[in-house]
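The values are calculated or read from the model by the stated rules, or taken from the named source; none is laboratory data. It should be emphasised that the depicted structure is a prediction, and the values quoted were computed from it without experimental measurement. Positions of Cβ are generated from backbone atoms using ideal geometry, with glycine treated the same way; all protein chains shown enter the neighbour counts. The accessibility values were calculated without ligands, DNA or RNA, using every heavy atom of the protein model including side chains. Shrake-Rupley method; radii C 1.70, N 1.55, O 1.52, S 1.80 Å.
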Amino acid sequence: MMVVLFHYCHAGLRDGWFKGEQHPVVYAVTAYGYVGVHLFFMISGYVIMMTAQHANTRRFMASRVSRLAPALWVCVTLTALVELAVPTAPIKPESWAQYFANLTLVPRVFDEAYMDGAYWSLAVEINFYAMVALAIATGQLKRIETLLLLWLALSLVNYLRPMHTVQVFTSAQWAPLFTAGAIFYLVKQSGWTARRLLSISGSTLLACLYLWRENGVVPDLEHLLRLDAGPNHLVIEAILLSFFGFFFCMVHGKVRVKSSRWSLLAGRLTYPLYLVHQHAGYALFSLAAASGLTAAVGLSWVTVGLLALAVAAAWLVNVCVEEPWSAPLRRWLAGAGRTKQMQVHRKALKASK
C-alpha cells in the first residue's frame, strides 16, 4: 500500500501521468512510499530462505514460477486492455512483441520494455531466485551464509565503483536487503553467530548508503534538516532502519503478528495489487480528469475510488486465478502429477503379477 499510495498520490502527479490537485500534506507524505519496495525485498529474502530449506531445484523453481506467473499473465493482459480501452491513457502497449515478452517474466532479455513500471522489481527477484536455485543445485545451500557475505562484498565493490553489468546480472544494489531478510530467518531458526551479526551489520550499512545516494546529493546542512524541500534524507533513512528494527524485534519475539482472516487476505492480495495498480491506474486517473469527474468530486475522492478498484481487481485475480491455478501449476512443474501416475502404474503392474 505504501507503493500504491506513492504512485497514486505523488509520482503520477510529479511525473505528469495525470492531472489534478492533491492535498499538499498527502503529496508530501506519500513521497516516501517507494521505500516500501525495500521492505518487499527484505520479506522476500526471509521467505525465500524458508522456502529453500529441504527443497530440490525443481521443486524450488516450481514454487517460484507458480507463485509469480499466473497473476502476472492476467495482470499484464488486464493492464494492456485498460490502456487500449482508455483513449486518454498516457501509456499504451508498444507492440505484440512487448506483450508476449512480458509474459515470460523477463522482457528485458528480449529487449522489450516493461508493460508496467512496477515490473522492474520482478527482474531483481528473479536474479535472487536464480542464485538460490544455483546454490540448491550445486549442494551449496549449506554454505549460504558465506555466499551471502560474498554477495555483500560484491555489493560494496559496486557501491564504491558502480558497474552496470554487475548491477543487471547480480542485483548488487539490492543484495543488502535480500541478505538481511535471509539472515534474519536463520537467526529466527537457530540464533545469532558472529558471522550473522557481521552480515546484518553490513547489510544495514550498505542499504542505508545505497538509499542515501539514490536520493541525490545534499547541498548543505540546512537543506538536510528541512522537511518542506522534497523527500528528506534523514526521514528516508529512518523508515529503512525501522524495517530492520521490525525484523530484529520479530525474530526475538518482541513483535508478534497474529494470523487472522485479515492478515491472510492482506498477504494474498499484496502481489496482485502490486502488479495491477500502476499503469492501469494512471489510465483511469487520466480518464477521470478528461471526463470531468476529477473536477466535479476532487482528486482525493477519485483516488479513494481507484484504490478500492485496485484492491477489488487484486482480490479477483487472487480468487479467480491464483487460488485455482497456482497449486496445480506448481505440482505439474514439480513433476508431482507424473510421479503419482508412475506410482499408480507400478501398483497396477504389481497387482497384475
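Table for the structure above
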quantity	calculated
Single condition G45 does not satisfy, out of (1) touching a helix residue (DSSP H, G or I) at 6+ places or on another chain (Cβ under 8 Å); (2) surrounded by fewer than 19 Cβ atoms within 10 Å (Cβ to Cβ); (3) modelled with pLDDT of 95 or more	(2)
Residue match in segment 156-164 (condition: more than 24 Å from T51 (Cα to Cα) and in contact (Cβ under 8 Å) with a residue 24 or more places away in the chain)	yes
Residue in segment 129-136 that is in contact (Cβ under 8 Å) with a residue 12 or more places away in the chain, more than 20 Å from the chain's Cα centre (by Cα) and over 19 Å from L68 (Cα atoms) present	yes
Segment 174-192, subset in contact (Cβ under 8 Å) with a residue 12 or more places away in the chain and hydroxyl-bearing (S, T, Y), residue nearest to C249 (Cα to Cα)	Y185
Evaluation of P231 against (1) open to solvent by less than 80 Å² (accessible area, probe 1.4 Å); (2) in a helix (DSSP H, G or I) (one fails), failing number	(2)
Search result, residues across segment 104-120 that are crowded, with 18+ Cβ neighbours inside 10 Å and touching a residue at least 24 places away in the same chain (Cβ under 8 Å)	L105, M115, D116, A118, Y119
G20 vs. criteria touching a residue at least 12 places away in the same chain (Cβ under 8 Å) and at positive phi	yes
Where S259 falls short, out of the listed (1) of a type in the set (S, T, N, Q); (2) over 18 Å from I43 (Cα atoms); (3) not in a helix (DSSP H, G or I)	(2)
Helices (runs of 4 or more DSSP H) enclosed by segment 152-224 - at least 3 residues per element that are open to solvent by less than 30 Å² (accessible area, probe 1.4 Å) and out of contact with any strand residue (DSSP E or B) (no Cβ under 8 Å at 6 or more places or on another chain)	175-190, 194-214
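The rows are residues; the columns are (1) modelled with pLDDT of 95 or more; (2) surrounded by 21 or more Cβ atoms within 10 Å (Cβ to Cβ); (3) under 13 Å from the mean Cα position of the chain (by Cα); (4) outside any helix (DSSP H, G or I).
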site	(1), (2), (3), (4)
H7	yes, yes, no, no
A11	no, no, no, no
Q22	no, no, no, yes
F60	no, yes, no, no
V65	no, no, no, no
L81	yes, no, no, no
